[in-house]
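Inspection log for the structure reproduced underneath, given as structure tokens.
The values are calculated or read from the model by the stated rules, or taken from the named source; none is laboratory data. Please read all numbers here as calculations on a predicted model, not as lab measurements. For neighbour counting, all protein chains shown are included, and Cβ atoms are generated from backbone atoms with ideal geometry for every residue, glycine included. Remember, those area values only see protein heavy atoms, side chains included, never the ligands or the DNA or RNA. Shrake-Rupley method; radii C 1.70, N 1.55, O 1.52, S 1.80 Å.
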Amino acid sequence: MYTDDFGQKWYKVGLHIHTTLSDGALSPEAAARVYKEAGFDAIALTDHWKYHGPDEIAGLKIISGCEYNLGTTDSVAGVMHIVGVGMKQDPCILPTATRQEIIDGINGAGGLAILAHPAWSLNTTQDAQALTGFGATEIYNTVSDVNQSSRPYSGYFVDLLANHGIAYPLLATDDVHYYDGNDEAKSYIMVAASSLDADAILQAVREGAFYATQGPELYVSREEDRIIVRCSSCTKIMFLSNAVWAPDKILRGEDLTYGEYPLKDFEQWVRVEVVDREGRYGWSNVLWR
Ligand SMILES: [Zn+2]
Ligand SMILES: [Zn+2]
């Protein structure tokens, strides 16, 4: 947690974590210690089909969670993984449930339904548009890069959805399984919340009061017809929108901490990505015009 110049508290949160309760390599105790050591303020334990309630383990706040994965490995037959966090009680969802029933079960238990790693699963915008009740999606999923399929980044999916008028809050998560130095404590969200209370954290996520990151700090706002970016030292600031091309969509430099982007007449939405010298990314949410 840190407090910014305006007195706002920012909490470091990981919302997609596996342990030995399903197919993760570390016990909940050991996993909590890893994340506590890495400076996280809270994590959700989201083992496959194993609801883990709110808790405190090894001094780290645990937000309730579970991952409901449908389909096996054949994306032609259909794969969709839905993570629920912040449920007040076990929604007791059965493996025979449909996609919509899983989302409804999570929401019915007071949780946030997250479409996990859509790029890895090869989910389409039609898949998402056929469903209601998603509260967020992952734009980046660490394990999908280093240990699984090399398809961690869901920007293409997110941008197509925005063209259809849909923008879920965009999370970065580890989806850690291996704890081998490659998939733990890499990608997370920094949440602007009034306290570390799970309800406060999840309310801020629903409202988009956070940024997703692997390290860079990122604050994006719209001032009239300009997008304003403030960030920690980066080498690239990128503006993604329904305009596939414009001369000023990438700013480059050795030590960029500020950027501006004038909206074009036809631009309906914009989101921002930054990269620092170590190649670590930060991702904003989608801003509507
Ligand atoms: Zn998954
Ligand atoms: Zn997972």
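The table that follows gives values for the structure above.
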read-out: Unit charges at the beta carbon, dipole of region 70-220: most positive-side option, Ala193, Ala162, Pro152; value: Ala162
read-out: Zone of Ser221's modelled label, taken as backbone nitrogen in region 233-270 under 15 Å from a point 7 Å along Cα→Cβ; value: 258-261
read-out: Fraction of beta bridges assigned by DSSP in region 2-213 that are antiparallel (%, nearest 5); value: 65
read-out: Nearest-20 debye value, region 2-213 charge dipole, Cβ charges on Lys, Arg, Asp, Glu; value: 180
read-out: Relative contact order [Cα under 8 Å, 6+ residues apart], the chain, whole percent; value: 14
read-out: Where region 147-272 is the region considered: accessible area per residue in Å², 1.4 Å probe; value: 45
read-out: Residues whose placed amide H lies under 5 Å from that of Lys50, excluding near-sequence neighbours; value: Glu67
read-out: Given the chain, longest segment not containing exposed loop GluC sites (Glu not before Pro) (DSSP; at most 10 other Cβ within 10 Å); value: 1-223
read-out: Whole-number Å³ per residue for the convex hull built on Cα positions in region 2-213; value: 113
read-out: Heavy-atom SASA rank of Asp276, Asp5, Asp248, Asp74 (probe 1.4 Å, accessible area, largest first); value: Asp5, Asp74, Asp248, Asp276
read-out: Lysines whose Cα lies under 21 Å from that of Lys236, excluding same-chain neighbours fewer than 8 positions away; value: Lys186, Lys249, Lys264
read-out: Positive-end residue, the chain charge dipole about Cα centroid, Cβ charges, pick of Gly208, Thr3, Gly24; value: Gly208
read-out: Cα gyration tensor category, rounded, prolate or oblate, for region 194-289 with a/c compared to 1.5; value: oblate
read-out: Mean-position separation - Cα centroids, region 176-207 and region 229-289, in angstrom; value: 23
read-out: Within the accessible area of the chain (1.4 Å probe), percent carbon and sulfur; value: 51
read-out: Lys, Arg +1 and Asp, Glu -1 on Cβ, resulting dipole of region 125-265 about Cα centre, debye, nearest 20; value: 340
read-out: Ranked by how many other beta carbons lie within 10 Å on average, peptides 148-154, 44-50 from highest; value: 44-50, 148-154
read-out: Exposure rank, largest accessible area first [Leu122, Leu240, Leu160; 1.4 Å]; value: Leu122, Leu160, Leu240
read-out: Highest-MSF residue in the chain out of Thr213, Thr96, Thr173 [GNM, Cα springs under 10 Å]; value: Thr96
read-out: Simple label model, 7 Å out from Cα along Cβ direction - Asn242 to Ala200, nm; value: 3.8
read-out: Structure-based [θ]222 nm, the chain - -39500 (n - 2.57) summed over DSSP H runs of at least 4, per residue, nearest 500; value: -4500 deg cm²/dmol
read-out: Cα-centred dipole magnitude for region 20-69, charges only on beta-carbon of K, R (+1) and D, E (-1), debye, nearest 20; value: 40
